[in-house]
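Beneath this line is the structure, given in structure tokens, with notes to follow.
The values are calculated or read from the model by the stated rules, or taken from the named source; none is laboratory data. Keep in mind that this is a model prediction, so the values were computed, not measured. Only protein heavy atoms, including side chains, enter the accessible area calculation; ligands, DNA and RNA are left aside. Shrake-Rupley method; radii C 1.70, N 1.55, O 1.52, S 1.80 Å.
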Amino acid sequence: MAAGLYNFAIEEGADFALGVRVKINGEAQTLAGWQFHAQLRTAVNGTLLATFTCELCGDGETLRVALDAAETDELLPQSARWDLLAELPDGRKLRLLEGKVTISGSVTEL
């Protein structure tokens, strides 16, 4: 299964969250027991900019991929890359999503 393409923007100094549901052959997957890892880098094999928090929501089928405002406040305006990896209970590893991220700078400081 090839990773899906998902591009998005992160605003410097603001909370960021993305809800992800995994479907395999058209069927939503129950994600209990799965482990997830997602990183933001300057490029493929580039400098690590941030590690996303990956938490399973109460429905058991939705994954919340997030950075809080303190983490995004450390990011400089630029283009970056991200991906989301899953490790299934049976040991299989899947690259679920990948894409480009635009980090937009904040004018207002709090």
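Find the accessible area per residue for the chain; the probe is 1.4 Å, ligands and nucleic acids are left out, and the unit is Å². List each step's numbers first, then the result.
Numbers: 6790 Å² over 110 residues.
Averaged over the residues of the chain, the accessible area is 62 Å².
In sequence order, what are the phi-derived ³J(HN,Hα) couplings for segment 7-20 according to the Karplus relation 6.51 cos²θ - 1.76 cosθ + 1.60 with θ = phi - 60°, rounded to whole Hz, with x for glycine and proline?
Going residue by residue, I get 9, 7, 10, 10, 9, 4, x, 10, 4, 10, 8, 9, x, 10 Hz, with x marking Gly and Pro.
Using only DSSP helix segments of four residues or longer, with each worth -39500 (n - 2.57), what per-residue ellipticity at 222 nm results for the chain after dividing by its residue count and rounding to 500? All intermediate terms of the calculation are to be shown ahead of the outcome.
Numbers: 1 runs with 4 residues, N = 110.
The per-residue figure over the chain is -500 deg cm²/dmol.
Considering only protein heavy atoms, what is the solvent-accessible area of Glu11 at a probe of 1.4 Å, reported in Å² to the nearest 10?
Glu11 has an accessible surface of roughly 120 Å² with all protein chains in place.
What's the carbon and sulfur percent of segment 1-94's accessible surface, probe 1.4 angstrom, rounded to a whole number? Could you put the intermediate results ahead of the total?
Numbers: 2640 of 5630 Å².
That share works out to 47 percent.
What is the set of long-range amide H partners of Asp15 at a cut-off below 5 Å, with H atoms built 1.01 Å from backbone N?
Here the answer is Ala69, since their amide H atoms fall under 5 Å of that of Asp15.
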